[in-house]
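The values are calculated or read from the model by the stated rules, or taken from the named source; none is laboratory data. Given the structure is predicted, the values throughout are model-derived calculations rather than measurements. Positions of Cβ are generated from backbone atoms using ideal geometry, with glycine treated the same way; all protein chains shown enter the neighbour counts. In case anyone asks, the SASA skips ligands and DNA or RNA and just uses the protein heavy atoms, side chains included. Shrake-Rupley method; radii C 1.70, N 1.55, O 1.52, S 1.80 Å.
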Amino acid sequence: MWWVSHDDHGAFAARGVHGQTIWIDPTAEMVIVRLASHPVAANAANDPTSLPAYRALADYLMDQEQ
């Protein structure tokens, strides 16, 4: 399933129920692939840490270009 972040980077993701993620940030020209096999079929437990981490990495990469 595709998820749209609606953030200012236009990021979107393909996500699986056991933590698998393909995070695409067009503004940062970045793709993150996360392989996972969490025992519980839900992303809510990981989102508070993983989603901000993806954005922080995008921001860091964009800062390096300047």
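Compute the relative contact order of the range 1-63 as a whole-number percentage, counting only Cα pairs closer than 8 Å that sit 6 or more residues apart in sequence.
Numbers: 90 pairs, mean separation 15.2, N = 63.
Averaging sequence separation for qualifying contacts and normalising by length gives 24 percent for the range 1-63.
For the chain, the share of accessible area belonging to carbon and sulfur comes to 63 percent (1.4 Å probe, ligands and nucleic acids excluded). Peptides 23-33, 40-50 ranked from most to least packed, by the mean per-residue count of other Cβ atoms within 10 Å: 23-33, 40-50. Would you mind checking the tilt of helix 47-65 against the longest principal axis of the Cα atoms of the chain, expressed as 0 to 90 degrees and rounded to 10? Between the helix axis and the principal axis of the chain, the angle is about 20 degrees. Taking amide H as placed 1.01 Å from N in the peptide plane, the amide H of GLN20 sits under 5 Å from that of ALA36, each at least 5 places away or on another chain. Accessible area per residue for the chain is 68 Å², calculated with a 1.4 Å probe on protein heavy atoms, without ligands, DNA or RNA. The structure shown yields mean projected area of the Cα convex hull in nm², and of the options [x] 4.0; [y] 4.3; [z] 5.0 that calculated value carries the label [y]. Sequentially through the range 26-36, phi angles give Karplus couplings (6.51, -1.76, 1.60; θ = phi - 60°) of x, 5, 8, 6, 10, 10, 10, 10, 10, 8, 7 Hz, Gly and Pro residues having no value and appearing as x.
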